[in-house]
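Heads up: the structure comes next, in structure tokens.
The values are calculated or read from the model by the stated rules, or taken from the named source; none is laboratory data. The shown structure was predicted, so the numbers you read here are calculated from the model rather than taken from an experiment. Backbone-built Cβ (ideal geometry, glycine too); neighbour counts: all protein chains shown. These accessible areas exclude ligands, DNA and RNA; they are computed on the full protein's heavy atoms, side chains included. Shrake-Rupley method; radii C 1.70, N 1.55, O 1.52, S 1.80 Å.
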Amino acid sequence: MNQHTAGRSGAVWALVITSVASFMAALDNLVVTTALPSIRESLGGELTELEWTVNAYTLTFAVLLMFGAALGDRFGRRRLFLAGLTVFTGASAAAALSSGINELIAFRAVQGVGAAIMMPLTLTLLTAAVPAARRGMALGIFSAVTGLAVASGPLIGGSLTEHLSWQWIFWLNVPVGLVLLPLARLRLAESYAPNARLDLVGTLLVSGGLFGIVYGLVNANADGWASPTVLTGLIAGTALIGGFIHHGFHAKNPMLPMRLFRNRGFFGINMAGLLMFLGMFGSIFLLSQYFQGVLGYSPSEAGLRMLPWTGMPMLVAPIAGYLSDRFGGRPVVVTGLALQAAGLALFAMIIAPDVPYTTQLPALMIGGIGMALYFAPAASLVMSSVRPAEQGIASGANNSLREVGGALGVAVLGSVFSAQGGYGSAESFTDGTVPAVWIGAGVVALAALAALLIPGRRTAPAPGADPMTGAEPAEGLAPVAA
């Protein structure tokens, strides 16, 4: 086999392995949502416990992503990818065997630890394996697969829950993980980042800060906004996040250098990701339960009826990739977020205890097209805004901020839901869901405004600019190697 063929084979294997691993980790964000009514029936638990079933994963995922990326940079990306995949696969089996809601929440948190080590390294390993000329296409495929996982979570979760049991949403990961482990060991090349250092102080600050804020939001309605535990969580969490930002500006080697956010492209795509996931995750958390608890669909019926939304990324992703090549990433991402906001707003307008499916369809389709347009160019926009040695940090930061948005979305929109309604009746559930989804739509609209900060494509790309997006490297940073 000549060198060119070997290189192409390595790139293809890297794309397959990293995309499947990313699909698994991203799927577990939302695969649990359509299973929530069955989990509630099987293990018990109120709204607070159901929120933690989702957030135990998203929160550990979010706060450890950047640390996971740094571990890979320092000790070897393939080595840590394998370690993360092993933890994720083992925790999936343990979650499936859980006999109580608190046990399930604990293993969901361990799953998040494995995903946090594995997920940021997928993008870095892929970028290292694919030549610069084909990197845009590879990152587009990778992003579309990840987006599809997020979108199809409710369908896969619903089908497994109804036809097998809710435990199978976790058992599914085990054989996939066992196949990926030897493939990754044999087919992925090891890589390191020069002078990578671990930032334990930053990790502790951001972990404590985000846990405090999410804990306060999730427990606010049950314990009362003025309760000592809620106030302590919110105030201490906010102070720790402030400390993390200060640390990012002034520490010698912080896990997230705040100077990266001085680059408009990096700031814009990351703020858009955080806000989009906040609005979308929070809405899906409630809507997947609305489909079953209010409209009376079975888990798989709920997943199937969301297919015009969840299936759109498969149809639209190639078109989104072409549009991104043709016009640059910014207009595609902005249009996608605007359509996603419009879809959620339409849904908020029609939510009722007896709304027919034909009335829901336009909102689902518009939201699905928007999601596909957002996901396809996102990874390339992130990776093109930093130098190669910082792509691990950039990848971790981008994924982390999305997960932070998801955890905050479930907490914030869940808080709105429980303040305005509850599980008592179809009318009560509807009363809580309507204002929550309106807020979700508004937050995604803000994400579209944030994406406008991404620099537009120039007629002739600037020296060192990414050929796919036209985005320039961050100020003072070296361009991505061609």
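None of Ala352, Ala363 is among the small types (Gly, Ala, Ser), open to solvent by less than 20 Å² (accessible area, probe 1.4 Å) and modelled with pLDDT of 80 or more except Ala363.
Examine segment 167-185 for a residue that is touching a Gly at 6+ places or on another chain (Cβ under 7 Å), of a type outside the set (Asp, Glu) and surrounded by 20 or more Cβ atoms within 10 Å (Cβ to Cβ), and state whether such a residue exists. Quick ask: steps written out before the conclusion?
At the first step, the residues of segment 167-185 found to be touching a Gly at 6+ places or on another chain (Cβ under 7 Å) are 169.
When the remaining residues are screened for being of a type outside the set (Asp, Glu), the result is 169.
Those still in the list that are surrounded by 20 or more Cβ atoms within 10 Å (Cβ to Cβ) too: 169.
There is at least one residue in segment 167-185 that is touching a Gly at 6+ places or on another chain (Cβ under 7 Å), of a type outside the set (Asp, Glu) and surrounded by 20 or more Cβ atoms within 10 Å (Cβ to Cβ).
Scoring Val12 on the criteria (1) farther than 22 Å from Ser395 by Cβ; (2) free of Cβ contacts under 8 Å to residues at least 24 places away in the same chain leaves a single failure, condition (1). Residue pairs whose Cβ atoms lie under 7 Å apart, sitting 6 or more positions apart in sequence or on different chains, and linking a residue in segment 251-268 that is aliphatic (A, V, I, L, M) to a partner that is open to solvent by 30 Å² or more (accessible area, probe 1.4 Å) and part of a helix (DSSP H, G or I), are Met255/Phe67; Leu256/Ile393; Met258/Ile245; Met258/Phe249.
Across segment 15-53, the qualifying residues are those that are modelled with pLDDT of 80 or more and under 12 Å from the mean Cα position of the chain (by Cα), and the one among them that is surrounded by the most Cβ atoms within 10 Å (Cβ to Cβ) is Ala25.
Just one residue in the set Gly153, Gly114, Gly147, Gly140 is of a type outside the set (Ser, Thr, Tyr), surrounded by 24 or more Cβ atoms within 10 Å (Cβ to Cβ) and over 28 Å from Met255 (Cα atoms); that residue is Gly153. Considering only residues in segment 339-349 that are in contact with a Leu (Cβ under 8 Å, 6 or more places away or on another chain) and open to solvent by less than 20 Å² (accessible area, probe 1.4 Å), the one that is farthest from Gly265 (Cα to Cα) turns out to be Phe347.
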